[in-house]
Amino acid sequence: MYPSMRRSESKMANALENKTLRAPVYCPLCTHTVEAEVVAVQAGWNPKRKVASGQRCRRCSSSLDAAYVLDLTGNLYQ
């Protein structure tokens, strides 16, 4: 339908691939928002974001593997 938009989305996905950023995530156990490292996972033309494995919540020390990424604003670094 919009081939130019898909091309630009693909370029953005390639730019964010293998990058890590700090983003607020929702801890399902203590129901608070905490900051964690988020990585991009390539899933076709629509990249997904998930919490990097092995991180712990600062409030309750539970695993953030099942945490929900709330916002993607943050500083990109490698």
Worksheet item: Tell me, which residue of segment 56-78 that is part of a strand (DSSP E or B) and among the hydroxyl-bearing types (Ser, Thr, Tyr) is modelled with the lowest pLDDT?
Response: 77
Practice prompt. Would you mind telling me which numbered condition in (1) loosely packed, with under 12 Cβ neighbours inside 10 Å; (2) modelled with pLDDT under 80 residue 53 fails?
Written response: (2)
Discussion item. Condition first: surrounded by fewer than 13 Cβ atoms within 10 Å (Cβ to Cβ), under 16 Å from residue 70 (Cβ atoms), at pLDDT 90 or above and within 14 Å of the chain's Cα centre (by Cα). Can you find one or more residues in segment 26-41 that meet it?
Written reply: yes
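The values are calculated or read from the model by the stated rules, or taken from the named source; none is laboratory data. Every value quoted in this text rests on a predicted model; they were computed, and no experiment measured them. With ideal geometry, Cβ positions are generated from the backbone for all residues, glycine too; neighbour counts draw on all protein chains shown.
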